[in-house]
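Reading through the structure tokens given below for one structure.
The values are calculated or read from the model by the stated rules, or taken from the named source; none is laboratory data. Keep in mind it's a predicted model, so treat the numbers as computed, not measured. Positions of Cβ are backbone-derived with ideal geometry, glycine not excepted, and every protein chain shown enters the neighbour counts.
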Amino acid sequence: MNNQRSLALALLIVLLIFFVELAGGIVSNSLALLSDAGHMLTDTMALALALLAALFAARPANKERTFGFYRLEILSALFNGSLLTLVALYIFYEAVIRFLNPVAVRSDILLLVATVGLLANIGAAVILARSSRDNLNVRGAFLHVISDLASSVAVIIGGLLIRYLGWYYVDPLLGILIGGMILRGALSLVLESVNILLEGTPRGLDLDELAAVIKQVAGVETLHDLHVWTITSGMNALSAHLVIADTQADRAPQILAEIRAKLNSEFHIQHSTFQTECESCPEGLICRVEPADREHEHHHHHH
């Protein structure tokens, strides 16, 4: 429960700062603060996604959804990414208008709110730091909070420049910088979720290398119809047809077990389904179909 608790707590903190910075940005008339609030929103999304993933990982699959609810995480990533792209574009638009006619910014409110934001961010980072070592989801959320911390520092520096040097154009400049950070995060969310929805090969996985590893196993003659896809972030599945040497046909279960162990240790693939065929059978006639291992159906994840 620890991961979920720390994620929920961090989410609560970041959500609070988002509203504080949004209000502060409107009152102080600062685009830097508004864009920092937008950046907070990206964090809120990242944390909510991580929390969603942690909660769904615990939910059993049912008959209607054999993979549980994992894809909800991907759909919400796609939605969040699209929403954040719009937020970033709005910030750019607003920044251009402010470069053309500079707006007076109330630096006192700006500095106060940005400092509160910074402190709260440090709090959220500390809460997540412990769990981020062993959980990929929490790690993603932690990195978001850290990047937010950096943008809060930038806003504080901008506030000081505005207060003591009267450089109002620092404000839209910061807006553009932070908007760029939001856009980068948003686009990677969209691209990654679209790749997953298109059943693309998981990022950072070399298909040729994977095929080579499978072919190294004694008894495997050839391999075809190899598919690898992502069910949800950090959870990959594979299916393939194997042709097994005739002399080895009775060793099929051991061969499969060996392949599974390799896939798990080298590529972190826990779900694999193989159809085995023997050399001497005519094409299309299958001598022996090995069922996928039983754990596959009950979803005992060994993450």
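Scanning region 84-99 for residues that are crowded, with 19+ Cβ neighbours inside 10 Å and over 17 Å from residue 40 (Cα atoms) yields 95, 98.
Can you say whether residue 12 is more than 30 Å from residue 168 (Cα to Cα), of a type in the set (A, V, I, L, M) and at pLDDT 90 or above, as far as the supplied structure shows?
On the way: more than 30 Å from residue 168 (Cα to Cα): yes; of a type in the set (A, V, I, L, M): yes; at pLDDT 90 or above: yes.
Yes; evaluated as a whole, the condition is true for this residue.
Annotation for region 104-114: at least one member residue is over 19 Å from the mean Cα position of the chain (by Cα), more than 30 Å from residue 268 (Cα to Cα) and either surrounded by fewer than 14 Cβ atoms within 10 Å (Cβ to Cβ) or not assigned by TED's automatic domain parsing to the domain that holds residue 72 (or both). Take the conditions assigned by TED's automatic domain parsing to the domain that holds residue 29, among the hydrophobic types (A, V, I, L, M, F, W, C) and surrounded by fewer than 19 Cβ atoms within 10 Å (Cβ to Cβ) and apply them to residue 146. Does it pass? Yes.
Restricting attention to region 187-236, the residues that are among the acidic types (Asp, Glu) and more than 17 Å from residue 266 (Cβ to Cβ) total 4. Taking region 69-171 as the region of interest, the helices (runs of 4 or more DSSP H) fully inside it that hold 2 or more residues being of a type in the set (S, T, N, Q) and under 17 Å from residue 34 (Cβ atoms) are 107-132, 136-165. Taken over region 7-23, the criterion of being of a type in the set (Gly, Ala, Ser) and surrounded by fewer than 24 Cβ atoms within 10 Å (Cβ to Cβ) is satisfied by 8, 23.
Going through (1) within 30 Å of residue 85 (Cα to Cα); (2) part of a helix (DSSP H, G or I); (3) at pLDDT below 75 one by one, residue 249 falls short only on (1).
Here residue 212 passes the criteria (1) over 28 Å from residue 256 (Cα atoms); (2) hydrophobic (A, V, I, L, M, F, W, C); (3) without any contact (Cβ under 8 Å) to a residue 12 or more places away in the chain except the one numbered (1).
Counting residues in region 27-38 that are under 17 Å from the mean Cα position of the chain (by Cα) and either surrounded by 15 or more Cβ atoms within 10 Å (Cβ to Cβ) or at pLDDT below 75 (or both) gives zero. Quick check on my filter: what residues within region 190-243 are touching a His at 6+ places or on another chain (Cβ under 8 Å), crowded, with 19+ Cβ neighbours inside 10 Å and more than 30 Å from residue 79 (Cβ to Cβ)? 240 - this is the single residue of region 190-243 that is touching a His at 6+ places or on another chain (Cβ under 8 Å), crowded, with 19+ Cβ neighbours inside 10 Å and more than 30 Å from residue 79 (Cβ to Cβ). Taking the numbered list (1) closer than 30 Å to residue 192 by Cβ; (2) at pLDDT 80 or above in turn, residue 265 passes all entries but (2).
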